[in-house]
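**Student:** Take this structure first; my questions come after.
Nothing in this text is a laboratory measurement; each read-out follows from the coordinates by a stated rule. All figures in this text were calculated on a predicted structure; none of them were measured in a lab. We place every Cβ from the backbone using ideal geometry, glycine too, and count neighbours over all the protein chains shown.
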Amino acid sequence: MSTTAKTAWYEGIKARNLLHKTLMYVLCILVGAFQILPLIWMVSGSLKTIDELFVDPPMWIPKSWQWVNYDVMWNSLRLQDGGPAMPRYLFNTVYLTFIVLVGVLLSNTMVGFGFARLRARGKNVLFLILLTTMMLPSQMTWLSVYIIMSRLPYPKLFYDISEAGKPILQGLTGVQFSVEGMPTNWIDTYLPLTVPAFFAGAGTVFLLRQFFLTVPIELDEAARIDGASTLRIYWSIFLPQAKPVLASVTILTFIGHWKEFFGPLLYLNTSDKYPIALGVQYFRGFADYNTQWHLLMAAGVVLSIPPFVVFLLFQRYFVQGMALTGIKG
Amino acid sequence: MSAVQAVAPDKSRRPAKTGLGRMRLREEREFYLFVAPWLVGFLIWTAGPMIYSLYISFTTWDVFTKPVWVGLQNYATLWHDLFEPSQLVLFSQSLKVTTIYTVLMVPLRMIVNLLGAMLLNQRIRGMPFFRAVFYSPTVIPSVASALVWTWIMQSNGGLVSIFLNKLGLPNQTWLYRSKTALVTLVGLGLWGFGSQMLFFLAGLQSIPEHLYEAAKIDGAGQWQQFRYITVPMLSPVIFYNLVMSMMGTFQAFDSAFLYTGGGPNYATHFYVLNIYTFGWRYFKFGIASAMAWVLLVIILAMTMLVLRSSSAWVYYEGEVKGR
């Protein structure tokens, strides 16, 4: 091969690579645009006047940004005592998500640690059962769990604690709480939504067990020789080791629970108690369907921002967690 | 780590010859204490309710009065509905709708996610940015994305209609007509990538480069490389995604609830939406429980079928065939 032929051959490869790369960029941008444009359309819609909503050609950037839409949306839906509903819904979600997170982190790490590190008869059978429950459709148990919840008496202690906590929460958040009588059962309370989180879920247990298996056994043997109890080993050795995995679980649980509307739809009857996802869906029933899209989009933006920001900040943990559990679509 | 700090070994706790059995027992007791949250939860939120719902499925019950034992009557009603579909049962209608939805959705979603993964597997700059963009619809609550898509799909003045008008076509009413609603839901469901793409991406990255190089030397084109290297090497991932996606799609609820409410004329009345309707709208917990049990059987059967077929098309490296 002569030098010129070699150069020509090399140039050909380079040109093909460049073409390939350009094509890939174009595809990435096209696909990316399809993913992101609806979200931008939502934000843009939330800042328009009512007349700008349906103009042709579509207007992507409003003439003047109508921040007032957020104010109107924020105050238009009312609680039973007349206060604005949206802040309360937002608070409800934060509160629910927090309790669920505590429950998920505590219970799943305990069970995962047990399966990974402690020997016992019957362990393998139990683990097999755990894996099988991952396959069960949750609809199997909705109806009977609902009936069980409707039969469980509401614990007086819970009621006393929550009544005592209301003034403090009110002081901290500025959200109004009305005083209610003690509920007779668990329906229309937060217990069906929070208590099950304290009983560990198969997917997360599996993920944590897999991780705990990778912790070197020398660590807990050394601790045991030093006289540490099992609880101590779990708390002071395994939990700190598992920080990255716990971060993944936290992020996934947060994002997953922020959007949760089905459980609340089943169990809550009083709209004051709705979390924001169900609250926005409820708001949709109030807004005049064909005209008030700007208010609905504002509600959608408020609902979307927290999970979106958490995703952007902790993307690595989110992706890791999704890869490890695969619990999302 | 304070626990590891040197503490004088406590001689009394060192296992004596006879103490070994006792230590085992103690460890066993501790195991059951540690897994108690799951074990108790399994008994009261899964095993118990399942047996309970099996019992309910043999009764008629509106929750307020006492359940009445009716034997197999609920199942018989479902069986008859297969041959004489009734608007009062909607069993065969919801089964049909869900099956069509699953048959369309599972392969399409898989292709979309595979293509997305192949795009993200390219070595070009700005990949982290594109990856974040590709994921963002997944983290948006479905209630919010349903809002914006309903607006986009609105027949009068929605983005799609405006676009169609530009082409000289009339406003679309796809979500509001029984012939097109289901397919439209499939299309809307293809927006956004999920964990499937992630698994595909991990799978793609684990395919050794030398396989492609060898194929190139043998003169294989892009399509042949894809067909004879990528697909077989990805088949375990495809298998996993297929099983999970089938189970998930058959239990679809959100899109029907948020976009169409099951209409028009029950064209998007998914199976799970039917269970919900019978349970929480009509308070017919008996027949709703029977439907839930039929769902379990269907899902188990589907999974077994795929599992059975897997030996024919799933390729595991290091697996010895013919044993």
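**Student:** Quick one: what do you get for segment A:137-280 if you divide its Cα Rg by 2.2 N^0.38 Å?
**Tutor:** For segment A:137-280, the normalised Cα radius of gyration is 1.37.
**Student:** At 0.890 mPa s and 25 °C, plugging the Kirkwood radius over alpha-carbon pairs of segment B:7-165 into Stokes-Einstein gives what diffusion coefficient in µm²/s?
**Tutor:** 103
**Student:** In nm, to one decimal, how far is the modelled label at A:Val68 from the one at B:Tyr212, with both set 7 Å along Cα→Cβ?
**Tutor:** Each label point is offset 7 Å from its Cα along the Cβ direction, giving 5.7 nm.
**Student:** What is the count of Lys pairs in chain B whose alpha carbons sit under 29 Å apart, if the two are 8 or more places apart or on different chains?
**Tutor:** 5
**Student:** Just check chain A against the gyration tensor rule for me: Cα atoms, a ≥ b ≥ c as the square roots of the eigenvalues, rounded for a/c under 1.5, and otherwise prolate or oblate depending on whether a/b exceeds b/c.
**Tutor:** oblate
**Student:** Here is a follow-up. Going by average Cβ neighbours within 10 Å, how do the peptides B:22-31, B:189-198, B:283-292 rank, with the highest at the top? If you can, show how the numbers build up before the last one.
**Tutor:** Values: B:22-31: 14.5, B:189-198: 22.6, B:283-292: 24.6.
Most protected by this proxy first, the peptides run B:283-292, B:189-198, B:22-31.
**Student:** Check B:Thr59: other-chain or 5+ apart residues with amide H under 5 Å from its amide H, H built from backbone geometry?
**Tutor:** Amide H neighbours of B:Thr59: B:Val70.
**Student:** Partner chain Cβ atoms within 10 Å, averaged over the residues of A:220-233 - can you pull that number for me?
**Tutor:** Mean partner-chain Cβ count within 10 Å for A:220-233: 4.
**Student:** Relative to the compact globular guide of 2.2 N^0.38 Å, what is the alpha carbon radius of gyration of chain B, as a ratio? Don't skip to the answer; put the middle values down first.
**Tutor:** On the way: Rg = 26.8 Å, N = 323, 2.2 N^0.38 = 19.8 Å.
It is 1.35.
**Student:** Further question on the same structure: Quick one: order B:Tyr282, B:Tyr276 by neighbouring beta-carbon count within 10 Å, fewest to most.
**Tutor:** B:Tyr282, B:Tyr276
**Student:** Out of A:Phe54, A:Ile29, A:Ile13, whose Cα points farthest toward the positive end of the dipole of segment A:3-68 (charges: +1 Lys, Arg; -1 Asp, Glu; placed on Cβ)?
**Tutor:** My answer, from the dipole projection, is A:Ile13.
**Student:** Could you tell me what a quarter of the Cα convex hull surface of the protein assembly as shown works out to, in nm² with one decimal place?
**Tutor:** 40.9
**Student:** Next question. What does the helix-only formula give at 222 nm for the protein assembly as shown: each DSSP H stretch with n ≥ 4 adding -39500 (n - 2.57), the total divided by the residues, and the result rounded to the nearest 500 deg cm²/dmol?
**Tutor:** Helix contribution divided over all residues of the protein assembly as shown: -20500 deg cm²/dmol.
**Student:** Shifting gears a bit: Which residue, A:Leu126, A:Leu207, A:Leu252, has the most motion in a Gaussian network model of chain A that connects Cα atoms within less than 10 Å?
**Tutor:** Evaluated over chain A, the most mobile residue of the options is A:Leu126.
**Student:** Next up: Under a Cβ-only charge scheme (Lys and Arg +1, Asp and Glu -1), can you give me the dipole magnitude of the protein assembly as shown about the Cα centre, in debye to the nearest 20?
**Tutor:** 1500
**Student:** Over all residues in B:126-138, what is the mean tally of Cβ atoms on other chains that come within 10 Å of each residue's Cβ?
**Tutor:** Mean shielding by partner chains, rounded to a whole number: 6.
**Student:** Computed over the Cα atoms, what is the radius of gyration of segment A:3-68 divided by 2.2 N^0.38 Å, N being its residue count?
**Tutor:** Scaled against compact globular proteins, the figure is 2.03.
**Student:** Another question, if that's okay. Out of all Cα-Cα pairs in segment A:50-148, roughly what percent, to the nearest whole number, are more than 17 Å apart?
**Tutor:** Looking at segment A:50-148, the distances longer than 17 Å represent 77 percent of pairs.
**Student:** Would you mind getting me the FRET efficiency between A:Val55 and A:Ile29? Use the beta-carbon distance for r and R0 = 22 Å, nearest 0.05.
**Tutor:** For A:Val55 and A:Ile29, the calculated efficiency is 0.25.
**Student:** What does the convex hull of the alpha-carbon atoms of segment A:56-107 project to on average, in nm²?
**Tutor:** 6.7
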